[in-house]
């Protein structure tokens, strides 16, 4: 209800004397003939007067001061009732209202002030009923959206459309998982999430008015809701967001419980992966949002001890967000199988948390066991806050590790791809003889009863399988160390036969 509707209601016979300077809704209507009624008025209200007080006014300044007092408290319109105390509206009052841009209307003698108050009150009540019906209808549509196939995504979309705003749901890491907002408002929500307690904030920025509040309980936040739009939210609109927040919390709580429950399932599925039953695991994952990484993939291993729960939760959330990532507990470690396109995302998360980890690559699922062992060894050698790859470990320090108890395991894992090949054992035996002859082709070939070109071809094949450059001294030295560490007796046997 605003002044335009009041003037437009013909039965009241109200006449505008000035421009209608505002369309601000009228919050209530008061009547007073006091010289200064401002202590009894509030912003957004309309004042009606018969002008009895104007009898004591002697100058135009008196009218200006009177209008100024009304304007200072936020009165949206002044109505003058004629023919009660005096005929017509005072010209000085008209001029003062015009100069102050305060709307002035004239109320005829035949229209009692109570009729004006009742019309406005009825309009306010009707608007309240309309807003309530809108809120109930909108809440109903949001509930149906949640229960339908669209789920929370549909509910967010329906809420944003109904309220006419940008709206987004953020996860505990501050990443938008549903909807969208502009103007960097999600940064406000991230600050609230960082505090770790249930909180809310609002303000005004480049994108207009914004509001943000966290979801979930303090100490176990589930995310946050952020909304932006040009105008502030009304109470009915706030009620719609309150309902959306409640539904979102339920949805996020369910997702968190589902993610935690999946941990025990993941361990069983991992056993199947190790047994080579990859397709069985893919089928078992169909009802879940987790997907296995594509080949080739990486294996990341880090100790569970000292691992902050929120870091593990953060990595697991990557999986349920659609990233190809599989996380599980294995012995006393956390193991992450990750698509190489997203390895950097995981390692960055660990570095940000100042955690060390081991990493190894696998070209095929058949190499999972080897890669797991390699990553575990690298994890044991990794310093805090660093990600150590198995390749870095073996290429830089294999000779220095010969005295350590784990060196044989490292050597075996390094030669895993070679040992799996049909000709692997023969190639390693030939390599041992070749190295025993200081890499000289002729004497080694004679000892093996091979042509030297055939031996060269075999060593080239071994170089490709092992990833070692056997044209260099370093590559040959590492191979020699690996052969000795795996208990290969070819060197000793050769010495005994000569």
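A few points about this structure:
- Qualifying residue in region 184-200 (condition: outside the structural domain of residue 311 (by TED's automatic domain parsing), within 18 Å of residue 242 (Cβ to Cβ) and part of a strand (DSSP E or B)): yes
- Selection status of residue 147, out of contact with any helix residue (DSSP H, G or I) (no Cβ under 8 Å at 6 or more places or on another chain), over 18 Å from residue 237 (Cβ atoms) and at pLDDT below 90: yes
- Some residue of region 58-71 being outside any helix (DSSP H, G or I), at pLDDT 90 or above and surrounded by 14 or more Cβ atoms within 10 Å (Cβ to Cβ): no
- Within region 212-251, tally of residues that are within 16 Å of the chain's Cα centre (by Cα) and either in contact (Cβ under 8 Å) with a residue 24 or more places away in the chain or closer than 13 Å to residue 159 by Cβ (or both): 16
- Verdict on residue 283 being more than 18 Å from residue 165 (Cβ to Cβ) and surrounded by 13 or more Cβ atoms within 10 Å (Cβ to Cβ): no
- Yes/no for residue 328 being touching a helix residue (DSSP H, G or I) at 6+ places or on another chain (Cβ under 7 Å) and either in contact (Cβ under 8 Å) with a residue 40 or more places away in the chain or surrounded by fewer than 19 Cβ atoms within 10 Å (Cβ to Cβ) (or both): yes
- Subset of region 263-280 that is out of contact with any helix residue (DSSP H, G or I) (no Cβ under 8 Å at 6 or more places or on another chain) and surrounded by 19 or more Cβ atoms within 10 Å (Cβ to Cβ) - its residue that is farthest from residue 365 (Cα to Cα): 266
- Note on region 21-43: residues that are closer than 30 Å to residue 231 by Cα, touching a strand residue (DSSP E or B) at 6+ places or on another chain (Cβ under 8 Å) and not in a strand (DSSP E or B) total 7.
- Yes/no for residue 224 being surrounded by 13 or more Cβ atoms within 10 Å (Cβ to Cβ), part of a strand (DSSP E or B) and not assigned by TED's automatic domain parsing to the domain that holds residue 326: yes
- Among (1) touching a helix residue (DSSP H, G or I) at 6+ places or on another chain (Cβ under 7 Å); (2) farther than 27 Å from residue 349 by Cβ - the single one residue 204 does not satisfy: (1)
- Qualifying positions in region 1-20 - surrounded by fewer than 18 Cβ atoms within 10 Å (Cβ to Cβ), part of a loop (DSSP other than H, G, I, E, B) and within 48 Å of the chain's Cα centre (by Cα): 20
- Residue within region 235-243 that is closer than 23 Å to residue 130 by Cα, touching a strand residue (DSSP E or B) at 6+ places or on another chain (Cβ under 8 Å) and surrounded by 16 or more Cβ atoms within 10 Å (Cβ to Cβ) present: yes
- Selected residue (criterion: nearest to the chain's Cα centre (by Cα)) from residues of region 357-367 that are over 15 Å from residue 419 (Cβ atoms) and surrounded by 20 or more Cβ atoms within 10 Å (Cβ to Cβ): 357
- Here residue 279 meets the list (1) closer than 22 Å to residue 175 by Cα; (2) outside any loop (DSSP other than H, G, I, E, B) almost entirely, failing just condition (1).
- Comparison of 451, 437 shows that the only residue that is at pLDDT 85 or above, in contact with a helix residue (DSSP H, G or I) (Cβ under 7 Å, 6 or more places away or on another chain) and surrounded by 16 or more Cβ atoms within 10 Å (Cβ to Cβ) is 437.
- Residue list for region 286-325, restricted to those being outside any loop (DSSP other than H, G, I, E, B) and surrounded by fewer than 16 Cβ atoms within 10 Å (Cβ to Cβ): 309, 310
- Test: residue in region 121-142 that is buried (at least 16 other Cβ atoms within 10 Å of the Cβ) and at pLDDT 85 or above: yes
- Any chance residue 18 is within 22 Å of residue 99 (Cβ to Cβ) and either out of contact with any strand residue (DSSP E or B) (no Cβ under 9 Å at 6 or more places or on another chain) or not assigned by TED's automatic domain parsing to the domain that holds residue 102 (or both): no
The values are calculated or read from the model by the stated rules, or taken from the named source; none is laboratory data. Just so we're clear, the structure is a prediction, and the values are computed from it rather than from any experiment. Positions of Cβ are generated from backbone atoms using ideal geometry, with glycine treated the same way; all protein chains shown enter the neighbour counts.
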